[in-house]
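Take a look at the structure below.
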């Protein structure tokens, strides 16, 4: 047995920590950087928040005197104050900038931001911090002295903003561990929202209640304090920090590739020719032009348009920024955990919610005129808050696509952000010179158009894989084995990856290795020694053990230490599942790092193995395949093919009828049963998902971003061996490359020794009870132990062989008094099941027990405790091999005894068990034959590319034909709408003709006799009692009122005949034409037209449209 040399990257001589600081020094760096970046940005935008108070004369201490002067003055006197007069103190002065000055005052910062953008070292930020603090201190003096000098100051201040994003990236690279990069990115990018949260309310309160110059002095003081703390606490590298101990240094650097001295120069030309990068930059432009509203113009909108006080405006402005910050953190976490859609679809989804969603709400804001209420503020906050979802869109896409060149790409992002803010500084003031809502409506519509356009470009062109120009080494072609000549050796060289973390898994893979050795293969077992006390499982292959680091041993203790009552524990508890997933992620990632550092991988590669057999419960094994480079890879599942493996192989989950790992009941006709199967599937995904994600991060950090993922490598395996038996498992979707080789772990039974034969002779029939090696039955609660006792007493003629973990506790002593119970800590289970006197097996349904039970033809009582036992028990119940009861029912003696009685006395279970045994013995090919032939084929011919499903190259929409079904549904919907519209039109046409006929036959001249216009608002014809004042005595009814329905009832003609008649519209009387000689023959006609929007009627009087709401006819004086 060979052992690799473990290479340690620890160098005690290089790191000398003054204090370990509980291993949390990097979080101090994170917190300081977060605040420092926010304060730097706050020092620049302090002017934005103070602008209203600087311009508003009412906030000046002299304003009351000014009002008093006006009250005491005469109408002939002209009261004038030069608010910018040098004779006033700076805090008393107020300014009046024209549109160009206002634009330059805001734009100067962003011009400086564009000019200064370049990826620099983070330590340089100390000098920039001092400069920014000094500039914000002198801002009140400069703005009062000279406007051109103030613009120059704003330009220089913009340099502080120019490198915030690149510096944040450097801090993440230097100080974040592989597992904490998401946290560091989310927190540091939040400085964009934190700075307005600090500045807006502080500036509003201080400027209005004290003085506006104090705002700048406070920000300068904060900048000086943060700069001093930065100088004291920050270091460029963790190894240079006096508070970073060895443990924390290892945690920060573990899994990271060594940094090169000069770095790699970005391929500038290829980056600028990348359509994907331009799509990202387009989204940046749209986002930041609009985001400037919340940073710069929101206080002015609240003050001038919604008429809020400066204090209220400053207090309200930060609210959407808080929401944006929370949404960004939420999006950053969720986007990493969503697995049911592809990465590119996640980019599109989050970016669309952010940009398109915000754009649609800006349209809504522009359509609703504000009333000055709180709903106006809420409505404008929604599109601002939605922009927070962009954290899962273009920023993440920029990093994924550009990889090691992301600092340069992000510096361009910073520059474009500054350019966008610069452009916005001119656009908004140009559109809103008087700050009316109608002017702001144009701004909102422009925002909406930019957001829709930029999001459309992003959605069309974005991708989720690293660009070709990020590759430093050409990746190994996983399908190259097709073109290489077959192996000429008579005996293929095999490597089996068999991590020691679970007894059943280790034994099964060990048995596979031994079978291969027995049949002429040269086999090496690579075994990470996660649990040293476990046996190796193999007795004939060469074994290479990888020692477990201390962190693995300690983490695994959390799983195994203490006694767990498996009968009462709820293993579907989300908190428990999340905790177990985190522990397994720690164990597998740390052990994988130890394997990579041991040097054994290089040795395995030198061996040039023909076949690499690996199980993927520990994801490290499959990830190593790309480094070891065997001719072919075989995935071996020690159970059935479970959830993550289905996805990685390319097999549909079929959750409507395929039970998940933790599913113990599935009625395909029941909605709730299928729903619980989906929940169970989600639970197992969350349990195994963290380990896969962390191990993937480990390899990409060490070997580059183009290192193939576990999904990519698994999709290209030659064969998938499964320990599932098709003759009694569920019929589910599969692939041609999936080969069932069940029962390899079940050895041929041996004759029972004299001791066990003597035990069976005590009764004619025997029942064996075993719950495997993990569940410790001494931890059972008293009701469950009592239930076992009552079971044994209920069947005195049956011998019970009971595997119990202690022969000396109180329960064991009680059971010894029963002559039909044999207590044992171990039993030859396979040999006992082969004996005809054993008639029943009460089992937890571990896969090994399931196969021994079926191979020996015994019925069972199935009591699953956790994990795949739930599905295994459901499977055996489905095939009729026995009776399944829940583990909680074991604590109810009546139910427990009834289940055992049913299994013993109903002959159909024993008959079905014998049928399955016969089928297993009559299979045309044994599992051993299938194993050997398929391994030999893999070693000779390698991988067949055509056996890889094309579904791996499809996104969620393509795979599920979502676009096709959406097209079909949309077509049917539109067809239905058109049909309904056509029917309504026909009915309306028929109804209109009918009503027209009725109206034409009416003898009454009154308006009410005609059909009411359905399109326009009502037009009231007054009665005699309703006409005003003394006019009532002159009232006359209209001769006729004729609706013109050719234009959808868009016109009405009123006719009045009589002696000097007039038609009244309230203030305007209409007399049509010259009066005739006989006034009795006079006729007046008035035609009114419905407005296009249907809101009312108008009478055209010359070039003027007179609104008409009521009318009547009178006899003239």
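Every number here is computed from the coordinates shown, using simple stated rules; none is lab data. Fair warning: this is a prediction, and the values are worked out from it, not measured in the lab. Methodologically, a virtual Cβ is constructed for each residue, glycine included, from the backbone with ideal geometry; neighbour enumeration extends over all protein chains shown.
Looking at the P(r) of segment 754-923, how many percent of alpha-carbon pairs lie beyond 29 Å?
Of all Cα-Cα pairs in segment 754-923, 12 percent lie more than 29 Å apart.
What distance in nm separates the two pseudo spin-label positions at residue 980 and residue 460, each 7 Å out from Cα along the beta-carbon direction?
The two pseudo-label positions are separated by 3.3 nm.
Residue separation times 0.36 nm, minus the C-alpha to C-alpha distance between residue 964 and residue 1083: what's the value?
36.2 nm
Which residues among segment 657-698 fall inside the zone where the amide N is under 20 Å from a point 7 Å beyond the Cα of residue 908, along Cα→Cβ?
665-669
Just to verify a number: FRET efficiency for residue 675 and residue 926, C-beta to C-beta distance, R0 = 30 Å, to 0.05?
Taking R0 as 30 Å, the efficiency between residue 675 and residue 926 is 0.15.
Taking the beta-carbon count within 10 Å as an exposure proxy, list 164, 30 from fewest neighbours to most.
With the fewest neighbours first, 164, 30 line up as 30, 164.
State the extension gain, in nm to one decimal, for the chain segment bounded by residue 973 and residue 1037, taking 0.36 nm per residue of separation less the distance between their alpha-carbons.
That pair, residue 973 and residue 1037, stretches by 17.9 nm at full extension.
For 358, 598, 849, which order do you get if you count the other beta carbons within 10 Å of each Cβ and list the fewest first?
598, 849, 358
Quick check: residue separation of residue 378 and residue 1101 times 0.36 nm, minus the Cα distance between them. What number comes out in nm?
255.9 nm
Taking the beta-carbon count within 10 Å as an exposure proxy, list 609, 272 from fewest neighbours to most.
Fewest to most other Cβ atoms nearby, the residues stand as 272, 609.
Between residue 608 and residue 951, what FRET efficiency follows from the Cβ-Cβ distance if R0 is 30 Å, with the result rounded to 0.05?
Computed FRET efficiency for residue 608 and residue 951: 0.40.
Once segment 268-467 is represented by equal point scatterers at the alpha-carbon sites, with solvent omitted, what log10 I(q)/I(0) does the Debye formula produce at q = 0.18 Å⁻¹?
For segment 268-467, the Cα-only Debye profile gives -1.19.
For segment 654-692 and segment 492-557, what is the centre-to-centre distance using only Cα atoms, to the nearest Å?
If we compute the Cα centre of each part, the gap is 30 Å.
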